[in-house]
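The values are calculated or read from the model by the stated rules, or taken from the named source; none is laboratory data. Everything numeric here is computed off the predicted structure, so don't read it as measured data. Cβ placement follows ideal geometry from the backbone for every residue including glycine, while neighbour counts extend to all protein chains displayed.
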Ligand code: GLO
Ligand code: MG
């Protein structure tokens, strides 16, 4: 049976700042973070464009090429690979009203140009995957944009990115809110529908984050099932979320083990490990954590995932089939709970 491959991004080991307080931990240098990957059983590095090339907007193409190639060498030396590159469109002042869906045409042009550079970086890092978390594509008040036009702008942007590089694959990471009041493309259903509107639907898919699905009031396992049914689950950001509040990025399984079990079950049913795609963990350490232990949440999330793989594989098939045949879902539920509770 194929092994799962794990990934995370450098932002998943952070200094503990939140909207109400400054950093509380020293910065772990990038090189030190890279050293932790293999040690903790991770092989894939997720990048924002400016994680790979700092201040990317100020650099010439030559400079970008030089720095991205140097990053590729760093990865090679550590036996790591880049899983994806994501354009970080949400920090630049020009993107204050969104990028691809901004009302200002200059902002839309900027977003597309920056994303093309991110694709170039992905090519140089040796990955075909670009993730689009559409952070500021949406509205604070509905009257500020025309959603019909916005979705058309988004389709046009996706087309331009697909045309920029023949091998790039775009995985949209849906999220229903935060930082926006209402985000465009809030669910994987929206992302898949968007893919079919583009010039090359085979190269547009999705990344599902557990917390984002929960914030939309949806079950992450069923969101994954929808994407898998369309052959469009190209990455996951596993984590957990305690109710409808800010995006918490809690450790995988830490709030709802059964929900985590079902996400793993879905990946198993979909043969995800065999695709060679990564299990990404988009988790954050609590603000209270000391710097020396500010990576435990990643290690713990991976360990919970692997334990749940074992739980899925050892769930007695005959009981499951018998209960389904008898339509005895009460018995099935008890069997699941006993299996999860057993040592
Ligand atoms: C925020 C997102 C964010 C993205 C990352 C990659 O809610 O989950 O962490 O996954 O920027 O694009
Ligand atoms: Mg994410």
Quiz item: Any idea which of 136, 155 is modelled with pLDDT of 95 or more, within 16 Å of ligand 2 (Cβ to nearest atom) and more than 25 Å from residue 75 (Cβ to Cβ)?
Solution: 136
Quiz item: Considering 211, 191, 229, which residue is more than 14 Å from ligand 2 (Cβ to nearest atom) and closer than 25 Å to residue 274 by Cα?
Solution: 229
Practice problem: Could you tell me which numbered condition residue 252 fails, if it satisfies all but one of (1) under 21 Å from residue 341 (Cβ atoms); (2) surrounded by fewer than 24 Cβ atoms within 10 Å (Cβ to Cβ)? | Solution: (2)
Quiz item: If you scan the stretch 250-285, which residues turn out to be within 16 Å of ligand 1 (Cβ to nearest atom) and either free of Cβ contacts under 8 Å to residues at least 12 places away in the same chain or in contact with a helix residue (DSSP H, G or I) (Cβ under 6 Å, 6 or more places away or on another chain) (or both)?
Solution: 251, 252, 263, 281, 283, 285
Exercise. Out of the residues in the stretch 201-222 that are touching a helix residue (DSSP H, G or I) at 6+ places or on another chain (Cβ under 6 Å) and touching a residue at least 40 places away in the same chain (Cβ under 8 Å), state the one that is farthest from residue 178 (Cα to Cα).
Key: 203
Exercise. May I ask you to list the residues in the stretch 291-305 that are within 16 Å of ligand 1 (Cβ to nearest atom) and free of Cβ contacts under 8 Å to residues at least 24 places away in the same chain?
Key: none
Quiz prompt | Condition met for residue 70 (at pLDDT 95 or above, buried (at least 19 other Cβ atoms within 10 Å of the Cβ) and either within 20 Å of the chain's Cα centre (by Cα) or closer than 27 Å to residue 36 by Cα (or both)) | solution = no
Practice problem: Could you please find all residues in the stretch 199-225 being part of a helix (DSSP H, G or I) and within 16 Å of ligand 1 (Cβ to nearest atom)? | Solution: 210, 211, 212, 213, 214, 215, 220, 223, 224
Practice problem: Report those helices (runs of 4 or more DSSP H) wholly inside the stretch 267-343 carrying at least 2 residues which are closer than 18 Å to residue 256 by Cβ. | Solution: 296-314, 329-341
Quiz prompt | Residue tally, condition within 23 Å of the chain's Cα centre (by Cα) and either modelled with pLDDT under 95 or more than 16 Å from ligand 1 (Cβ to nearest atom) (or both), over the stretch 79-101 | solution = 6
Exercise. Among the numbered conditions (1) part of a loop (DSSP other than H, G, I, E, B); (2) within 16 Å of ligand 2 (Cβ to nearest atom), tell me where residue 24 comes up short.
Key: (2)
Quiz prompt | Checklist (1) more than 16 Å from ligand 1 (Cβ to nearest atom); (2) within 30 Å of residue 10 (Cα to Cα); (3) surrounded by 12 or more Cβ atoms within 10 Å (Cβ to Cβ) applied to residue 288, failing item | solution = (3)
Quiz item: For the stretch 137-167, how many residues are part of a loop (DSSP other than H, G, I, E, B) and surrounded by fewer than 23 Cβ atoms within 10 Å (Cβ to Cβ)?
Solution: 7
Self-check item: Residue count, the stretch 168-183 (criterion: closer than 15 Å to residue 131 by Cβ, away from ligand 2 (no atom under 16 Å from the Cβ) and assigned to a loop (DSSP other than H, G, I, E, B))
Solution: 1
Practice problem: Answer yes or no: is there a residue in the stretch 261-273 that is within 16 Å of ligand 2 (Cβ to nearest atom) and touching a strand residue (DSSP E or B) at 6+ places or on another chain (Cβ under 6 Å). | Solution: no
Exercise. Report the residue count in the stretch 36-56 for those that are over 22 Å from residue 291 (Cα atoms), assigned to a helix (DSSP H, G or I) and away from ligand 2 (no atom under 16 Å from the Cβ).
Key: 3
Quiz item: So which of 166, 174, 186 ends up being out of contact with any helix residue (DSSP H, G or I) (no Cβ under 7 Å at 6 or more places or on another chain) and within 12 Å of residue 137 (Cβ to Cβ)?
Solution: 186
Practice problem: Of the numbered conditions (1) assigned to a loop (DSSP other than H, G, I, E, B); (2) modelled with pLDDT of 95 or more; (3) farther than 26 Å from residue 146 by Cβ, residue 228 fails exactly one; give the number of that condition. | Solution: (1)
